[in-house]
1. From the list Leu178, Leu239, Leu215, Leu225, which residue is assigned by TED's automatic domain parsing to the domain that holds Lys292, of a type in the set (A, V, I, L, M) and more than 20 Å from Gly262 (Cβ to Cβ)?
2. Please enumerate the residues belonging to segment 190-215 that are closer than 24 Å to Phe247 by Cβ, under 26 Å from the mean Cα position of the chain (by Cα) and either more than 14 Å from the ligand (Cβ to nearest atom) or assigned to a loop (DSSP other than H, G, I, E, B) (or both).
3. Quick one: which of Gly234, Gly134 is on the phi > 0 side of the Ramachandran plot, at pLDDT below 85 and more than 16 Å from the ligand (Cβ to nearest atom)?
4. Can you say whether Trp253 is in the same structural domain as Trp319 (by TED's automatic domain parsing), away from the ligand (no atom under 16 Å from the Cβ) and not charged (D, E, K, R), as far as the supplied structure shows?
5. Kindly indicate whether any position in segment 255-264 is outside any loop (DSSP other than H, G, I, E, B) and surrounded by fewer than 13 Cβ atoms within 10 Å (Cβ to Cβ).
6. Can you tell me which residue is nearest to the ligand (Cβ to nearest atom) among those in segment 167-179 that are in contact (Cβ under 8 Å) with a residue 60 or more places away in the chain and of a type outside the set (A, V, I, L, M, F, W, C)?
7. Could you tell me whether segment 107-128 includes any residue that is surrounded by 14 or more Cβ atoms within 10 Å (Cβ to Cβ), assigned to a helix (DSSP H, G or I), modelled with pLDDT of 80 or more and of a type in the set (Asp, Glu)?
Amino acid sequence: MDWVRDGRRVGSLWWRDLQSLNVGEDGNEGWLTEGFRMKIGEGKGVSFWWDEWCGENCLANIYPRLYVLSTGKEKDCQQMGEDHNGTWKWNMTWRRALFQWEEEAEKELQKTIEKVKISPGCADRWEWIHSVDGQYSTTTAYAVLAKQRKEDDEEKIFKRVWNPTIPTKVAAFNWRVLMDRIPTRSNLFKWGIIKEVEERKCALCMGEEEDSSHLFLNCSVAKWLWKACTKWWGVKIVLQKECWPTFQHLRAWTKKTYKKEGWDCIWNAMLWTVWMARNKKIFDNAEVNLIKLFDLIQLRSFAWIKARKPKCYFNLSDWLINPTSCLDKA
Ligand SMILES: [Zn+2]
């Protein structure tokens, strides 16, 4: 690839096209430029002090004192040494004799640069750090973006799940569900722990593949429980196909904080109850009783709210009959 010197950055048309993609809406710049590292060849045109050719920072930043004393501030790597029968020897000169502490810095600098081989006649090039062969490709660039997107989501999800009304272990479980990190049979298959395609089937209904969205939203058990919950609360809510949008949707349903907290309790109680029932069925071969599961959701959510809001003046029967009016009093 033909590189054109463009200030400190080496650039080409291709490079500029990519750079125009490099600025995110949220000012999240640099994911692309940071993905390239210089792979030094003959070192011609690579600034010894100012280019990042032997690590993640340039030498002038790491050794500012030595930079000031250098007689070769403007030199490229090729001009800073010589090839002796195939062995590269660095040749640094200073404006004056170095003090002892400066000599120590010089030794350290020598150690750093000795690791890098300068090869006369071999072109310098940029390497894309996200691929094995160092070649840039749209597939690997997309993977970087997707990972970044996921990290953004992770932060967003993390902020939303912590609610003082919910026991910590349950909130942590909710977070893992929303991040799709719980050991559903679908994930166990993906992680290579179960091998047979057949074994991916949902433990509760033995029908479809058991992933988070199936288990907590689309399974016949989950559907029955959601219907019972919405009837109990006197609301009509259309569930989404995936857990994260549903969780957001449920919270968006009301602007009132206390109702949001109440719905958070139901969501968490639902997830926890279904997961416990699924485990009991797998490990103890326990029967799934829908009425009992619904009772558990009601009891758990009641216990959580009562435990963390001791000034709530309502009792269990109030909660079972009219949960929203109980939250008005909370
Ligand atoms: Zn199922």
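1. Numbers: Leu178 fails: more than 20 Å from Gly262 (Cβ to Cβ); Leu239 fails: more than 20 Å from Gly262 (Cβ to Cβ); Leu225 fails: more than 20 Å from Gly262 (Cβ to Cβ).
When all the criteria are applied, what remains is Leu215.
2. Lys190, Trp191, Glu210, Asp211
3. Details: Gly234 fails: at pLDDT below 85.
Exactly one residue qualifies, and that residue is Gly134.
4. Working: in the same structural domain as Trp319 (by TED's automatic domain parsing): yes; away from the ligand (no atom under 16 Å from the Cβ): yes; not charged (D, E, K, R): yes.
For Trp253, the condition - in the same structural domain as Trp319 (by TED's automatic domain parsing), away from the ligand (no atom under 16 Å from the Cβ) and not charged (D, E, K, R) - is met.
5. Here is the first cut: in segment 255-264, the ones outside any loop (DSSP other than H, G, I, E, B) are 257-264.
With the extra rule that they be surrounded by fewer than 13 Cβ atoms within 10 Å (Cβ to Cβ), the set shrinks to 257.
Yes, there is a match, as at least one residue in segment 255-264 is outside any loop (DSSP other than H, G, I, E, B) and surrounded by fewer than 13 Cβ atoms within 10 Å (Cβ to Cβ).
6. First, the residues of segment 167-179 that are in contact (Cβ under 8 Å) with a residue 60 or more places away in the chain: 167, 170-171, 173-174, 177-178.
Adding the requirement that they be of a type outside the set (A, V, I, L, M, F, W, C) leaves 167, 174.
Numbers: Pro167: 26, Asn174: 19 Å.
Once the filter is applied, the top-ranked residue is Asn174.
7. So far as segment 107-128 goes, no, none of its residues is surrounded by 14 or more Cβ atoms within 10 Å (Cβ to Cβ), assigned to a helix (DSSP H, G or I), modelled with pLDDT of 80 or more and of a type in the set (Asp, Glu).
The values are calculated or read from the model by the stated rules, or taken from the named source; none is laboratory data. Not measured: the values here are computed from a predicted model. Cβ coordinates were reconstructed from backbone atoms using ideal geometry, including for glycine residues, and neighbour counts include every protein chain displayed.
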